Amino acid sequence: MNQNLKRKELDKVLDFLEQNRLFSGIVLLSEEGKTFYKRAIGKRNNSSKQSLDAVFEIASLSKSFTALAIMILFEEKKLTIDDNLKKFFPFLPYENITIKNLLTHTSGLPDYMEWFEHPSNWDPNKIATNKDVVKFLKDEKPEVLFHVNEKWEYCNTGYVLLAEIIEMVSRIEYGEFLQKRIFTPLNMFNTSTYSQFLDSEIENFSAGFIYDWEQDLYRLPTEMEEHKYVYFFGGVKGDGGIKSTVDDLLKWERAIYNNDLVSEQTKESIIDPVFIKGEAANGYCPCLHENLGGYGLGWKIEDHPQYKKIIFHDGYWAGYYSVLISYKESNKAIIILNNLDFTDNELNKTPYFLTLTLEKILFGEKAGLQKFEQLIMSNH
């Protein structure tokens with residue numbers, strides 16, 4: 001299927017999503033590193049339509065940047081990935097955890113978010129920072145969930161600690177380090193660690209909406225009790241918190257394989273899934289398809305029978321969903337930045353179904369709308 005036919009198929013899908021109010025945001029598809037389809041639908045905020053240059057919260061996709069920053073410092077011999085956590089945080093009660101464990105989610109550390117979400121532990125009107133997360137670990141000494149390297153469990157806490165290590169070792173603030181050493185060299189001029197609640201406004205920022213589809217009602221997460229966390233986690237960085245655009249993220253996708261920031265060997269190690277004893281070499285991390293994948297350094301990695309090696313990361317935050325998917329062998333990519341979250345859980349499957357639908361079209365198959373039609377049916 002040539003690119004013109006693919007564009008027609010893509011339009012058919014996005015027209016349907018637009019007409020049925022199922023998506024707000026931007027999709028970008030590329031082949032050989034060149035964008036061949038880019039489209040914005042929905043609304044950027046209460047007064048403007050969505051635009052191609054809009055800036056979104058990319059949430060956990062930020063982990064891939066934190067990991068590269070660590071590897072830049074590793075190459076400068078400022079740290080090694082086998083360095084012990086105690087070297088940086090002698091006062092924390094955890095033994096034998098290394099930087100590599102933090103990078104690969106094998107530390108066993110508990111996730112900090114749950115504790116902060118209890119109003120008896122943290123005032124929801126106060127914005128937490130990384131220092132508060134470290135203080136929580138120091139004062140509360142939460143138990144590890146498993147012994148180091150025993151298994152794999154996704155852990156935001158590890159990436160907050162990595163951001164702190166970057167600051168200690170480089171003596172530069174985390175956001176500034178990324179700006180100087182990653183965003184600027186890669187010409188990612190619309191990417192930053194801007195905090196919506198702490199910094200002055202940025203241009204073209206997409207508000208994340210919580211949408212009641214039945215009533216056609218848009219609300220902001222901060223107006224809703226269950227999503228208040230977006231406010232009080234507004235100062236935490238490393239595990240999320242980066243803001244970016246689809247064009248900048250395409251530069252980031254290119255940089256996975258081609259960048260001068262680290263050596264070839266380091267680039268390889270970043271996209272090499274970590275071995276977890278007792279697990280299939282590539283079967284412990286939930287990925288895009290039924291077969292499970294592995295995790296490298298800040299990237300999820302999947303070996304697909306048809307699409308071969310897939311390197312990707314997704315991110316979720318109230319009002320936002322982001323995903324960057326790179327198909328290494330075929331040199332194709334998909335980027336989705338979405339600012340619409342539904343009050344109805346079934347409808348929240350839309351971005352995932354959209355991802356699989358775009359993938360089919362990218363690889364030359366026709367795409368059906370049945371999955372989306374079913375979602376609408378289940379809501380009537």
message: Test of understanding: what is the full-extension gain from His147 to Lys349, defined as 0.36 nm times their sequence separation minus their Cα-Cα distance?
response: 69.3 nm
Pairwise centroid distance, computed over Cα atoms, of segment 342-359 with segment 103-142, Å: 30
- prompt: If we count trypsin sites (Lys or Arg not before Pro) as exposed when they sit in a DSSP loop and have at most 12 other beta carbons within 10 Å, what is the longest stretch of the chain that avoids them all?
  reply: 172-276
field: Paramagnetic reach from Ser263 in segment 290-329 [backbone N under 20 Å; point 7 Å along Cα→Cβ]
entry: 297-298
task: Restricting things to alpha carbons, find the Rg to Rh ratio for segment 224-344 using the Kirkwood radius for Rh.
output: 0.99
message: Given R₀ = 56 Å, what would the calculated FRET efficiency be for Asn331 paired with Met224, taking r from the Cβ atoms and rounding to 0.05?
response: 0.85
task: Rank Tyr194, Tyr295, Tyr307 by mean-square fluctuation in a GNM of the chain with C-alpha springs under 10 angstrom and give only the top-ranked residue.
output: Tyr307
field: FRET efficiency, 1/(1 + (r/R0)^6) with R0 30 Å, evaluated for Ile202 and Asp139 via beta carbons
entry: 0.30
query: Label points 7 Å out from Cα along the Cβ direction at Leu356 and Glu173: separation in nm?
result: 4.3
- prompt: Which entries in the list Lys6/Lys300; Lys243/Lys308; Lys309/Lys332; Lys100/Lys277; Lys251/Lys328 go over 18 Å, if you measure between the two C-alpha atoms of each?
  reply: Lys6/Lys300; Lys243/Lys308
message: With only alpha-carbon pairs counted, each pair once and no self-pairs, how large is the Kirkwood hydrodynamic radius of segment 119-206 in angstroms?
response: 15.9
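Relative to the present Cα-Cα distance, how much length would full extension add between Phe275 and Asp15 at 0.36 nm per residue of separation?
On the way: separation 260, 0.36 × 260 = 93.60 nm, distance 4.26 nm.
Taking 0.36 nm per residue and subtracting the Cα distance, the gain is 89.3 nm.
Every number here is computed from the coordinates shown, using simple stated rules; none is lab data. Note that this is a predicted model, so its numbers are computed, not measured. Cβ atoms come from the backbone with ideal geometry, glycine included; neighbour counts cover every protein chain shown.
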